Amino acid sequence: MIYQRTLAKEVQVTGIGLHSGKKVKLKLYPAQANTGIVFRRVDIKDSIDQKADAISVGATDNNTTLGSGKDAIHTVEHLLAALYGLGIDNVYIEINGPEVPIMDGSGASFVFLLKETGVQHLNTTKKFMVITDTVRVEHDGKWAQIEPANNLIIDSTIVFAHPAIKTQRETFEFSCENFINKISRARTFGMLRDVDMLKRKGLVKGGSLDNAIVLDDFKVMNPEGLRFRDEFVRHKILDTIGDISLMGYEIAGKVTTYKSGHHLHNLLCRKILETQSAYEIVSAASLTAEVQEAHRLPNMISVTN
Ligand SMILES: [Zn+2]
């Protein structure tokens with residue numbers, strides 16, 4: 001049986017926002033079963049709690065933003081991916097700025113933080129969204145679809161006219177262990193020639209070789225090189241996990257993406273949620289033993305029952 005999870009205790013971390021360049025403090029607190037992931041801005045007066053929810057997504061330019069206006073919280077996707085990867089369903093997240101810190105540009109710092117904090121099992125069964133019919137969205141020659149499968153599978157293709165990226169395709173089958181080892185460490189990336197344009201738009205003010213893979217017209221500029229040969233498409237899978245976790249359930253279905261981004265991921269979530277015949281919400285007890293095993297946390301993470 002798979003139970004809902006939260007953190008064993010509260011924990012905090014400080015870092016800078018990729019787009020704002022501002023220092024932010026993030027505090028995570030344990031939460032009861034069926035709370036979900038709830039963000040709260042503590043730097044502004046009378047801010048409203050913002051549940052991590054696909055229909056609350058505002059802007060999707062270069063990051064996923066929850067809400068809009070003064071309460072907006074930017075760049076939630078890597079933190080959400082890390083929570084999903086460790087099967088943590090319930091947590092309150094306080095943040096004293098407009099953007100989740102970028103850390104090293106991947107989900108690894110959040111996984112480390114959650115691992116050090118430990119996980120608490122709650123006395124309530126996890127719920128899964130089981131996909132029962134294909135749902136597809138397309139935009140500008142890019143597409144994303146979900147179709148029935150026993151476990152969460154993500155088959156992602158990216159295409160860049162850059163000699164260090166070109167076309168990359170990777171398939172990921174969900175398990176907490178696979179997520180930690182194969183996906184969580186893959187960093188975000190950007191082109192040096194886009195940096196000026198993005199800075200003029202007020203974005204990537206905090207960007208550096210410490211929190212992104214940066215490419216000039218020919219090669220990766222980071223002196224340490226890549227963490228995986230196909231780190232770029234692995235990061236796309238990290239983003240996809242964070243974005244589709246906003247449907248609010250663990251997912252059993254195969255997601256296939258071609259040149260997708262945050263906008264398309266959110267369109268897919270919204271279309272799934274609008275298509276009642278495309279999914280069922282079931283208790284974890286009705287899933288196969290293999291899928292239940294995939295959601296077991298590796299031994300290195302301390303779990304309290
Ligand atoms: Zn990303």
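All of the numbers you see were taken from the coordinates with simple rules; none came from a lab. These figures come from a predicted structure and were not determined experimentally. Backbone-built Cβ (ideal geometry, glycine too); neighbour counts: all protein chains shown.
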J(HN,Hα) series, segment 230-246, from Karplus relation 6.51 cos²θ - 1.76 cosθ + 1.60, nearest Hz, glycine and proline x: 10, 4, 5, 6, 5, 5, 4, 5, 4, 4, 4, 4, x, 6, 7, 5, 5
Restricting segment 180-232 to chymotrypsin sites (Phe, Trp or Tyr not before Pro) in coil, as DSSP defines it, with at most 12 other Cβ within 10 Å: Phe218
3J(HN,Hα) from dihedral phi, segment 180-187, Karplus parametrisation 6.51/-1.76/1.60, rounded to Hz, x for glycine, proline: 4, 7, 10, 10, 4, 8, 6, 8
Residues whose placed amide H lies under 5 Å from that of Ile16, excluding near-sequence neighbours: Val24, Ile102, Met103
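In whole percent, what relative contact order does segment 3-126 give with Cα contacts below 8 Å and a gap of six or more residues?
40
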Karplus (6.51, -1.76, 1.60) ³J(HN,Hα), θ = phi - 60°, over segment 31-37, in Hz, Gly and Pro reported as x: 9, 5, 4, 6, 6, x, 9
Rg to Rh, two decimals, where segment 1-157 supplies the alpha carbon set and Rh follows Kirkwood: 0.97
Inter-label distance for Gln12 and Val195, nm, one decimal - labels placed 7 Å from Cα along Cα-to-Cβ: 3.2
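Relative contact order, percent, of segment 128-294 when contacts are C-alpha pairs under 8 Å separated by at least 6 residues?
Reported relative contact order: 41 percent.
Could you tell me the relative contact order of the chain? Use alpha-carbon pairs under 8 Å, at least six residues apart, and round to a whole percent.
Working: 722 pairs, mean separation 82.4, N = 305.
Relative contact order, the chain: 27 percent.
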Rg in Å to one decimal, and Dmax rounded to a whole Å, for the chain via C-alpha atoms: 18.2, 53
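Given the chain, what percent of its DSSP beta bridges are antiparallel, to the nearest 5?
Working: 43 of 63 bridges.
Beta bridges within the chain, antiparallel portion: roughly 70 percent.
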5 angstrom amide H check on Ile37, placed H, neighbours 5+ away: Ala52, Val91
For Tyr3, distant residues with modelled amide H under 5 Å away: Lys126
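Give me the net charge for the shell around Ser277: Cβ to Cβ below 15 angstrom, other residues only, Lys and Arg +1, Asp and Glu -1. Write down the numbers at each step before the final one.
Details: positive: Arg136, Lys271; negative: Asp133, Glu147, Glu274, Glu280.
Counting the neighbours of Ser277, the net charge comes to -2.
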Theoretical FRET efficiency, 1/(1+(r/R0)^6), r = Cβ-Cβ of Lys27 and Ser277, R0 35 Å, to 0.05: 0.30
Sum of side-chain charges, Gly206 neighbourhood, beta-carbon under 13 Å (Lys, Arg +1; Asp, Glu -1): +1
Spatial separation of Cα centroids for segment 65-100 and segment 285-305, in angstrom: 24
